[in-house]
1. Can you tell me which residue in the stretch 258-271 is nearest to the ligand (Cβ to nearest atom), limited to those that are surrounded by 19 or more Cβ atoms within 10 Å (Cβ to Cβ) and within 18 Å of residue 219 (Cβ to Cβ)?
2. For the condition more than 21 Å from residue 270 (Cβ to Cβ), loosely packed, with under 15 Cβ neighbours inside 10 Å and among the small types (Gly, Ala, Ser), what is the one hit in 315, 342?
3. Within the stretch 225-243, can you find the residues that are within 16 Å of the ligand (Cβ to nearest atom), farther than 23 Å from residue 303 by Cα and assigned to a helix (DSSP H, G or I)?
4. Within the set of pairs 6+ apart or on separate chains, which have a first residue in the stretch 259-285 that is modelled with pLDDT of 95 or more and in a strand (DSSP E or B), a second that is away from the ligand (no atom under 13 Å from the Cβ) and small (Gly, Ala, Ser), and C-beta atoms under 9 Å apart?
5. Tell me the residue from 296, 232, 250 that is in contact with a Ser or Thr (Cβ under 8 Å, 6 or more places away or on another chain), among the charged types (D, E, K, R) and on the phi < 0 side of the Ramachandran plot, please.
6. Before we move on, is residue 130 acidic (Asp, Glu), under 29 Å from residue 214 (Cα atoms) and at pLDDT below 90?
7. Considering each of 255, 222 in turn, give the residue that is among the hydrophobic types (A, V, I, L, M, F, W, C), more than 16 Å from the ligand (Cβ to nearest atom), within 19 Å of the chain's Cα centre (by Cα) and buried (at least 16 other Cβ atoms within 10 Å of the Cβ).
8. Take the residues in the stretch 128-165 that are in a loop (DSSP other than H, G, I, E, B), in contact (Cβ under 8 Å) with a residue 12 or more places away in the chain and not aliphatic (A, V, I, L, M); name whichever of them is nearest to the ligand (Cβ to nearest atom).
Amino acid sequence: MSASPTARSPFVNPSNRFGLDYEAEAARLGPPPVAISDVHTHIAGRKAARLFQRVMSLYGIERCWSMSPLEQVEPLQDVLGDAIQFIAVPDYWSKDRSHAHGKGFLDRIRAYHAKGARIVKFWSAPRGIDYAAESGAPGLLRLDSESRIEAMDLASSLGMLFMTHVADPDTWFATKYADAERYGSKRSHYEPLERMLERYAQPWIAAHLGGWPEDLEFLDGLLARHDNLHLDSSATKWMVRELSRHSAADLESFLRKWSGRVLFGSDIVTSDEHLVPAAEKNEMASKGNSPEEAFDLYASRYWALRTLFETDYLGESPIADPDLAMVDPARFGPMDAPELVGKRLPRDVLEMLYHGAAARLLGPSPQTPSR
Ligand SMILES: [Zn+2]
């Protein structure tokens, strides 16, 4: 990739530190070697979904799997058709958290399944410890809690696959989770996961490269111990920061060794609130305040992941990464970004990561009319 990004008028936001024209950038990247399956998204909002559809087509994304609210399944299908599949999630917006993650989740799993979902998400990030404590139900989100086991039994009986989020970046364990007594060590979060991988033999997808993109050797052991485990590449800022640190040769040999076990994901979150000016909006929605900023928010994730995997780009990421300032506030500010070191992976490795692994695990793409 040439070093002359298509900068446009000074339009700078945390997803676009250089004022790139992400539409022109997509044309400059060209189509990916194979149509991409994105197995990890959070699509919500009709208008945002329409914008996301444009981003998908610009960046060569053929289909996505999304943790959308149950109530939005049909509206989103109206917009995206066969290009969107759903992943069952609890009602995170409910005021009664114990119910939402207990009996309420069982009802939701059945309802998502009836609408065609084949995957269920079990979120178990360390900050779930705070969430559970606030809910007055410590242990609520542990992967091996009683209510989780009940949900896993149900999902198993329905023939569903499991997706999970275990652990978080090393940067978080060095800062916000530094209280090891409360949050445990990063390694300790894998103990319940490994027990559940044994107990439930169906395929699992551990999001965010299993939560440990910093340590390919650990992931190698985890994949070797559990034949049913797969990983996704979602969480763009985290992947850009940490995968850039590995040599291209190390990443390539990891992906070759575990060919078919690593799926492409972005973790793009869409919301109609991204398209409107900041008023009384929550933290997630404040990431975009106009259609242009929402476009940059979504497109930048595909730009960064594709640039990381496909090109030999060497320079700062266009996406601000506040983790840098969190770890080292003397050196970094919230708009700083890490080095993005392109790996220029060979075509066959990209084809498996982008498409082959998802096709094997989740089935081939629906018949699409010839374009
Ligand atoms: Zn996610």
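The values are calculated or read from the model by the stated rules, or taken from the named source; none is laboratory data. Here the structure is a predicted model, which means the values were calculated and not measured. Note that each Cβ is placed from the backbone with ideal geometry, even for glycine, and that neighbours are counted across all protein chains shown.
1. For the stretch 258-271, the residue satisfying everything is 267.
2. Exactly one residue qualifies, and that residue is 315.
3. Selection gives nothing.
4. Partner pairs satisfying both residue conditions: 262/357; 263/37; 263/357; 263/358.
5. Exactly one of 296, 232, 250 is in contact with a Ser or Thr (Cβ under 8 Å, 6 or more places away or on another chain), among the charged types (D, E, K, R) and on the phi < 0 side of the Ramachandran plot, namely 296.
6. Details: acidic (Asp, Glu): yes; under 29 Å from residue 214 (Cα atoms): yes; at pLDDT below 90: yes.
When the stated conditions are applied, residue 130 passes them.
7. Only one candidate qualifies: 255.
8. Filtering the stretch 128-165 for residues in a loop (DSSP other than H, G, I, E, B) gives 135-145, 158-160.
When the remaining residues are screened for being in contact (Cβ under 8 Å) with a residue 12 or more places away in the chain, the result is 135-137, 140-144, 158-160.
Those still in the list that are not aliphatic (A, V, I, L, M) too: 135-136, 142, 144, 159.
Numbers: 135: 20, 136: 26, 142: 19, 144: 21, 159: 23 Å.
Residue satisfying both the conditions and the ranking: 142.
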